[in-house]
Amino acid sequence: MIKLDKEACIGCAVCASMCPDVFEIQDDGKAGLISQENIDCAKEAAEACPVSCITVD
Ligand code: F3S
C-alpha cells in the first residue's frame, strides 16, 4: 500500500514527475495519491522524495 503524509509534503513534485499515474500535485500545492497501481514506481518516488513523506509497504 502506498501512503502519503500530506502534512510533511512540501510540494516539490518529484513524485508526480516520476510517477504521474500514482501522484499528482493538487490544488493545495501538495501531492495527492490517485492510484495504488504502480507500487514499484512509488517505491522509487519514496526514495527520491526530499522529505520522505511517501511510504510503501
Ligand atoms: Fe511532496 Fe515528496 Fe512528492 S515533498 S510533492 S511527496 S516528492
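Since every read-out is calculated from the coordinates, none of them should be taken as a lab result. Predicted, not measured: the structure shown is a model, and the values here were computed from it. Don't worry about glycine lacking a Cβ; one is built from the backbone with ideal geometry, like all the others, and counts go over all protein chains shown.
When +1 charges are put on Lys and Arg Cβ atoms and -1 charges on Asp and Glu Cβ atoms, the dipole computed for the chain relative to its Cα centre reaches about 120 debye. Our coupling estimate for region 29-34, obtained by passing each phi through the Karplus curve with A = 6.51, B = -1.76, C = 1.60 and θ = phi - 60°, is x, 10, 6, x, 7, 10 Hz, Gly and Pro reported as x.
Charged neighbours of Asp57, selected by a Cβ distance under 12 Å, balance to +2 (K, R count +1; D, E count -1). Note: region 2-56, Cα convex hull, 59 Å³ per residue. Our helix-only sum for the chain, with -39,500 (n - 2.57) per DSSP H run of n ≥ 4 divided by its residues, gives a mean residue ellipticity at 222 nm of -7000 deg cm²/dmol. When only DSSP loop residues count, what GluC sites (Glu not before Pro) in region 5-54 have their Cβ near at most 16 other Cβ atoms within 10 Å? Answer by residue number: Glu7, Glu37. Angle of helix 39-48 to the longest C-alpha principal axis of the chain, folded into 0 to 90 degrees and rounded to 10: 50°.
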